[in-house]
Amino acid sequence: LNEEQVWMMKQLAVMPPRFHNREQLNSLLCTKERKKEDIFHTCKSLHQAGWLIYNQDDVAFKLHPILLELIPEYFNINIDDIREHLYNLNELLKYKAGYNFLDKVPWMDNGEQILEIFKDVGDKGIAFLWDNVSLIYQDLGNYKEALGYQLKAIKIGEEIFDANHPNLATFYNDVSSIYQDLGNYKKALEFQLKSIEIGKQIYKENHPQLAVFYNNVSSIYQNLRNNVKALEYLLKSIEIKEQIYEETHPSLANSYSNISLLYNERLNDYEEAIHFQLKAIKIREKTLEHNHPSLGTSYWILATIYYKNNELQKAYEYIIKADEILTKALPQGHPRLQNLAGWKVAILQAYNNK
């Protein structure tokens, strides 16, 4: 085998043992130096030599099953052999504002395969991969699995990064969010305050990452019934975001939605709650797909505000919109769907009995 063929065998050896079509291989393996045609040519040559199985209908390749267990040891694969592959995979999996997490689910088994092989490796790319897969599990509603993955990201991060490194602050922020979903607000607060402490040391006062941390700690204080602290940090977050972002930035929509919840659920100020949730919806309707779960969530929140304010016609309209989006956007069995169903029943009963 020539050098390029050996490289390709190493990449395929850390992928799930199934066919990978041309588009998938390009997404994972293309670099500035290695073009699409190079990848296809190398795979074709390996097929002709008997190393790969080729599915002509799907233009897809996979390793011959008999080689799956032999190749990692035979080629002595290490993390540097898959560095570009790992970078591309993390780019495909990582959170980006406005993206639908369901688009990332097809890449999860690629991440899990690499994590199984390199689970004991203290590497920056592997830490990011634990973090990225964790956040997708969180979005899928599998919070216990998400926590396990995130704690592994933190373990590596604390070993390889300085104590005030921004990546460590991100990992603390992410695990705080998972603890919130699990209802462990004391743990959530502990890690969120760690992320803020690092953020204040390394970022300017109006840095967008600080705005994220302030937004998230506000949510925790809400759950701990500390409304004064919750409002203080949320207003800090919004102040930063309004300085640095355009009016239609998705992150602003998140903060407007959160402050709407605070006014509705803790401060009983329905006018402010409606005002800010409508601002969030206006942004999300402009910037997101019509079936995006964040838009469905805003419709749901607005429906609950109108319901509490006895505006049943509007509550009915928005809960129907929310239900249409979220029952399709979220996987069956997601914990939020049961909560949504309860709200839908309550609003429909009140609406029909008015």
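The values are calculated or read from the model by the stated rules, or taken from the named source; none is laboratory data. Since the model is a prediction, treat every value here as computed from it, not as a measurement. Cβ placement follows ideal geometry from the backbone for every residue including glycine, while neighbour counts extend to all protein chains displayed.
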task = Mind listing whichever residues of the stretch 333-345 are assigned to a helix (DSSP H, G or I) and either surrounded by fewer than 19 Cβ atoms within 10 Å (Cβ to Cβ) or more than 22 Å from the chain's Cα centre (by Cα) (or both)?
result = PRO335, ARG336, LEU337, GLN338, ASN339, ALA341, GLY342, TRP343, LYS344, VAL345
request  = Kindly provide the set of residues from the stretch 114-125 that are touching a Leu at 6+ places or on another chain (Cβ under 9 Å), closer than 15 Å to ILE77 by Cα and part of a helix (DSSP H, G or I), ordered by number.
outcome  = ILE114, LEU115
message = Quick check on this structure: which one of VAL133, VAL105 is under 16 Å from the mean Cα position of the chain (by Cα), closer than 22 Å to HIS20 by Cβ, at pLDDT 95 or above and among the β-branched types (Val, Ile, Thr)?
response = VAL133
message = With the condition being aromatic (Phe, Trp, Tyr) and under 30 Å from ALA127 (Cβ atoms), I'd like the helices (runs of 4 or more DSSP H) fully within the stretch 32-111 carrying at least 2 qualifying residues.
response = 70-75
request  = Could you tell me which of the residues LEU348, LEU312, LEU330 is surrounded by 15 or more Cβ atoms within 10 Å (Cβ to Cβ), farther than 20 Å from GLU271 by Cβ, of a type in the set (A, V, I, L, M) and out of contact with any Pro (no Cβ under 9 Å at 6 or more places or on another chain)?
outcome  = LEU348
key: Yes/no for THR42 being of a type in the set (S, T, N, Q) and surrounded by fewer than 16 Cβ atoms within 10 Å (Cβ to Cβ)   = no
note = Scanning the stretch 60-77 for residues that are more than 32 Å from the chain's Cα centre (by Cα) and in contact (Cβ under 8 Å) with a residue 60 or more places away in the chain, the one nearest to HIS20 (Cα to Cα) turns out to be ILE71
task = For ALA280, state whether it is in a helix (DSSP H, G or I), of a type outside the set (D, E, K, R), over 19 Å from ASN227 (Cα atoms) and touching a residue at least 40 places away in the same chain (Cβ under 8 Å).
result = no
task = Looking only at the stretch 205-225, decide whether some residue is under 29 Å from HIS334 (Cα atoms), outside any helix (DSSP H, G or I) and not hydroxyl-bearing (Ser, Thr, Tyr).
result = yes
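Quick grid of which residues meet (1) within 30 Å of PRO106 (Cα to Cα); (2) at pLDDT below 95; (3) surrounded by fewer than 16 Cβ atoms within 10 Å (Cβ to Cβ):
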| residue | (1), (2), (3) |
| --- | --- |
| SER251 | yes, yes, no |
| SER255 | yes, yes, no |
| ARG266 | no, yes, no |
| PHE276 | no, no, no |
| TYR306 | no, no, no |
| ALA322 | yes, no, no |
key: Residues (among the aliphatic types (A, V, I, L, M), touching a Lys or Arg at 6+ places or on another chain (Cβ under 9 Å) and free of Cβ contacts under 8 Å to residues at least 40 places away in the same chain) located in the stretch 92-148   = LEU115
